[in-house]
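Structure, as structure tokens:
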Amino acid sequence: MTEESSRLFRVILEGLNSRDRGQKLYSLRAVGVLGFSEHSDLLVDLLASPDEEIVGKTIEVLGILANPSSFKHLKGFVTGGNQALSEKALSAISHFDLRSVLDEVLMLAGPELPVPLRCRLFSILSNLNEPKIAAIMGEVLYQTPGTELLTAAIGYFTRFPSKAQYNILKSLASHGVIEIALGAHIALTRLSEEPSRQQLRRLLKSPSANIRLTIVKGLNKAPLAEDKEFFDVFFKDSHSEIRLAALDGLILFNAQERALIIAEWIKREKDESVRSKLLSIATKEGNHGLYEVFLNLLGSPSEEMKRMSRLAISKMGVRIVDRILSDFPKLSLVIREQLVIVLGRIGGEKIIPIFNSCLRSPQRWLRLNTIEALANLGAKSYVPLFLETLKKEEDIWVRATLISAISKLGDQTHIKVISDNLKHSDARVRANSIEGLLRLGGEEAKKIIEPYLRDPSDRVRVNSAMALWKMGDVSVTGTLIGMLKEPTKWIKASSAYALGEMQCSKAVPELLQLLASQEDVVYKNVVEALGKIADSQAIIPLLKEHESGRVSEELMNRVLQRFSVKSRV
């Protein structure tokens with residue numbers, strides 16, 4: 001155990017044993033965030049606390065740690081009569097490697113357990129194909145009149161078909177409860193029972209949305225190629241919940257079929273949740289049959305939609321280049337700006353004429369994206385043109401982008417032309433020049449950068465410090481730590497960002513003080529920096545900040561995950 005880990009361990013142990021309720025809860029959460037399964041033994045005594053919140057949090061953390069030795073302490077809460085703690089215990093058990101505690105779970109799930117709890121345990125076991133589970137599920141089919149348990153058992157044999165259960169499933173297919181009968185028919189179709197398939201076919205157009213939803217969810221447990229006819233119908237169902245569930249059936253179709261289905265579906269889909277998931281699936285396809293879908297979405301006002309569309313078309317690769325080049329002159333400026341980025345990712349000689357044309361365009365973003373695309377492609381032959389353009393370029397954005405491109409494509413002979421731009425009045429140009437000198441590297445570049453630690457622009461100063469640090473000058477961390485105390489919020493925010501990128505543990509005390517900042521840009525950068533550094537002394541302060549809600553749940557969870565043992569492996 002490192003000195004840092006030992007120190008944190010002592011702090012957490014003190015907190016777990018503290019009489020201060022808040023400190024105890026934060027320490028519990030810290031154990032869960034860290035994720036060391038061997039820490040589970042430290043928590044067992046807390047299960048006897050008279051404080052229900054502490055007991056509930058302890059159960060949650062034991063589930064996160066998922067140490068098999070903890071199961072014996074959790075099972076009593078399942079049947080203990082406290083519904084809230086029972087649910088927490090069941091949720092905790094679901095995180096375990098069930099094979100390591102299978103016999104204990106099966107014993108707990110015996111017939112004496114109340115039906116709702118037994119159903120919950122069956123749900124936890126439902127994805128595990130084990131003979132012992134199959135035996136219990138089989139007993140339920142033959143001996144249980146209750147709807148919930150029968151439905152759970154039928155669902156298990158839908159997922160893991162068993163010829164041994166054919167007769168009982170055939171009998172249940174005529175059950176008076178529609179959910180049971182439907183489940184049995186679906187399970188029988190997994191055993192190639194044609195009459196059951198015909199029955200499902202008849203029910204596809206049932207006026208009951210619940211029947212249709214039950215069918216599609218049942219098919220999703222173990223979809224077969226023969227189910228394609230059913231999913232074709234569900235893709236067009238009038239209920240969005242059914243269409244959403246039916247998306248899982250797309251895997252049954254080949255790439256060309258999926259492209260046709262998705263392209264047609266997107267045109268008519270109005271429900272945002274369905275449309276969002278459909279587009280997410282389409283993005284991963286890389287199928288050129290979806291080109292028009294994503295081409296149109298490149299003009300979306302949503303930056304996320306444009307990003308997704310660029311990725312989707314880029315994944316189509318060289319086979320889509322001719323189509324892009326043919327369409328390019330006819331498209332709107334907004335879409336052409338996006339397609340230049342796409343072409344830069346795909347590459348190839350065919351795209352060069354389009355790039356040459358775009359470089360002559362008066363439109364800023366078309367030029368900017370083209371310059372960046374050529375730099376990312378490693379097109380060194382464009383360096384002379386970029387150098388010549390830089391001499392007369394007045395647009396600040398284009399000038400800054402040219403400097404970046406030259407540094408990516410050039411060599412140390414270009415240090416002077418880039419360093420000359422450090423005299424420019426615009427901070428963006430100077431900041432990009434610092435980054436450019438870093439890329440070119442060498443002692444000469446390092447000496448040129450050093451004075452700009454005192455530049456009036458916080459962006460330039462921070463870029464300079466990061467550049468010098470990457471060049472081996474660790475002393476600049478002290479400069480950045482000092483900048484955390486300056487009055488300007490942008491300087492503090494930029495410094496925090498840089499120290500996070502450097503994973504500078506020395507900055508943690510000062511960063512922790514800045515958690516009290518009322519300036520959101522500072523606060524957010526400090527939180528992210530503490531996550532990147534992942535120093536043990538920050539974990540409990542961050543857990544306290546979690547409750548403030550000042551940053552999104554997604555961001556805070558991502559920050560806290562950096563402290564997990566899994567993220568350090």
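Please treat every number below as a calculation from the coordinates, not as lab data. All values reported here derive from a predicted model rather than from experimental measurement. Heads up, the Cβs are rebuilt from the backbone with ideal geometry, glycines too, and the neighbour counts pull from every protein chain shown.
My understanding is that a pair violates if its Cα-Cα distance is over 32 Å; which of 88/306; 75/284; 506/544; 392/446; 277/330 do that in this structure? Pairs exceeding 32 Å: 88/306; 75/284. Here are several values of Kirkwood radius over Cα pairs in Å: (1) 25.4; (2) 24.6; (3) 28.9. Which one was derived from the coordinates shown? The listed entry that was calculated here is (3). The string of couplings for the stretch 447-454 from the Karplus curve (6.51, -1.76, 1.60, θ = phi - 60°) is 5, 5, 6, 3, x, 7, 5, 10 Hz, one whole number per residue in order, with x for Gly and Pro. Debye-formula intensities of the stretch 174-290, expressed as log10 I(q)/I(0) at q = 0.14, 0.15, 0.19 Å⁻¹, are -0.58, -0.66, -0.98 (one equal scatterer per alpha-carbon, no solvent). Computed about the Cα centre, the dipole magnitude for the stretch 205-250 is approximately 140 debye when only Lys and Arg (+1) and Asp and Glu (-1) carry charge, each at its Cβ. Relative contact order of the stretch 527-569: 53 percent, from C-alpha pairs under 8 Å at least 6 residues apart in sequence.
When the helices of the chain are scored as -39500 (n - 2.57) per DSSP H run of n ≥ 4 and the total is divided over every residue, the value at 222 nm lands at -19500 deg cm²/dmol.
Going from the residue with the fewest nearby Cβ atoms within 10 Å to the one with the most, 122, 230, 328 rank 328, 122, 230.
When the Cα positions of 42, 282, 564 are compared along the charge dipole of the chain, 282 comes out farthest toward the positive end, with charges on each C-beta of Lys, Arg, Asp and Glu. Subtracting the Cα-Cα distance of residue 518 and residue 334 from their residue separation scaled by 0.36 nm leaves 62.4 nm.
Sort 340, 474 so the one with the fewest other Cβ atoms within 10 Å of its own Cβ comes first. Display every interim value, and only then the final one.
Numbers: 340 26, 474 11.
The order, fewest Cβ neighbours first, is 474, 340.
Return a whole-number percent for the relative contact order of the chain, with Cα pairs under 8 Å and 6 or more residues apart as the contact set. Walk me through the numbers on the way to the answer.
On the way: 700 pairs, mean separation 39.7, N = 569.
The value is 7 percent.
Applying a DSSP loop filter and a limit of 15 other Cβ atoms within 10 Å to the trypsin sites (Lys or Arg not before Pro) in the stretch 456-536 leaves 485.
The angle between the Cα long axis of helix 147-159 and the main principal axis of the chain comes to about 60°, on a 0 to 90 degree scale. So how tilted is helix 83-93 from the main axis of the chain? Cα-based, degrees 0 to 90, rounded to 10. The angle comes out at about 70 degrees. Along its three principal directions, the equivalent ellipsoid of the stretch 255-306 from the Cα gyration tensor extends over semi-axes of 16, 13, 10 Å, largest first.
Only counting other Cβ atoms within 10 Å, I'd like 370, 147 sorted with the fewest neighbours first.
Working: 370 28, 147 16.
Result, fewest neighbours first: 147, 370.
Treating the beta-carbon of each Lys and Arg as +1 and of each Asp and Glu as -1, no other charges, what is the dipole magnitude of the stretch 111-197 about its Cα centre, to the nearest 20 debye?
160
Listed by chain and number, the lysines whose C-alpha is less than 17 Å from the C-alpha of residue 270, apart from same-chain residues fewer than 8 away, are 236.
For the stretch 224-340, the orientation-averaged shadow of the C-alpha convex hull comes to 7.3 nm² (one quarter of the hull surface).
In the stretch 67-138, inverting the average of 1/r over every pair of distinct C-alpha atoms gives 12.2 Å as the Kirkwood radius. Between 0 and 90 degrees, the angle of helix 131-143 with respect to the longest Cα principal axis of the chain falls at about 50 degrees.
Considering only 124, 142, 83, the residue lying farthest towards the positive end of the dipole of the stretch 78-154 is 83, judged by Cα position with unit charges set on Cβ.
With the charge dipole of the chain set up from +1 on Lys and Arg Cβ and -1 on Asp and Glu Cβ about the Cα centre, the Cα lying farthest toward the positive end among the listed residues 400, 246, 318 is that of 318. Computed from the alpha carbon atoms alone, the convex hull of the stretch 415-569 holds 117 Å³ per residue.
Here the average projected area of the convex hull drawn through the C-alpha atoms of the stretch 324-372 stands at 3.0 nm².
Can you pull out the trypsin sites (Lys or Arg not before Pro) in the stretch 6-52 that DSSP calls coil and that have at most 13 other Cβ atoms within 10 Å?
On the way: sites: 7, 10, 19, 21, 24, 29; in loops: 19.
Those that pass, being in a loop and sparsely packed, are 19.
Calculate I(q)/I(0) for the stretch 344-454 by the Debye formula, one identical point scatterer on each C-alpha and no solvent, and give its log10 at q = 0.22 Å⁻¹ to two decimals. Values, matching the q order: -1.19.
Would you mind working out the magnitude of the charge dipole of the chain relative to its Cα centre, with +1 at each Lys and Arg C-beta and -1 at each Asp and Glu C-beta, to the nearest 20 Debye?
Values: 76 positive and 68 negative charges, 272 e Å.
With only Lys, Arg, Asp and Glu charged at Cβ, the dipole is about 1300 debye.
I'd like the projected area of the stretch 4-129, averaged over all directions, using the convex hull of its alpha carbons. Report it in nm² with one decimal. Write down the numbers at each step before the final one.
Details: hull surface 31.3 nm².
Taking the Cα atoms of the stretch 4-129, their convex hull projects to 7.8 nm² on average.
Translational D (Stokes-Einstein, µm²/s) of the stretch 108-201 at 25 °C and 0.890 mPa s when Rh comes from the Kirkwood sum over C-alpha pairs? Once the numbers are plugged in, D ends up at 187 µm²/s.
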